[in-house]
């Protein structure tokens, strides 16, 4: 399967599961709304960089 993040194609194995309980828990505890979870294998494969100070996730490539 392939998906796009800011017009950058990412390919790999993607799984769909119901994250309603996780989504509600995260929102209830932090006020943040999540859309999904990216695994560390995908983050490493495509060179994602996490800026904890600014709360940003970006592609280094």
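Here are some notes:
- Rel. contact order, % - alpha carbon contacts under 8 angstrom, at least six apart, the chain: 18 percent
- With respect to the chain, whose longest principal axis is taken over its alpha-carbon atoms, helix 20-30 is tilted by about 80°.
- Label positions at residue 44 and residue 7, each projected 7 Å from the Cα along the C-beta direction, are separated by 3.1 nm.
- Sorted largest first, extent of the chain alpha carbons per principal axis (Å): 34, 30, 19
Laboratory data are not the source of any read-out in this text; all were calculated from the coordinates shown. A quick note: this is a predicted structure, and the numbers were derived from the prediction, not measured. Glycine gets a Cβ as well: all are built from the backbone with ideal geometry, and neighbour counts include every protein chain shown.
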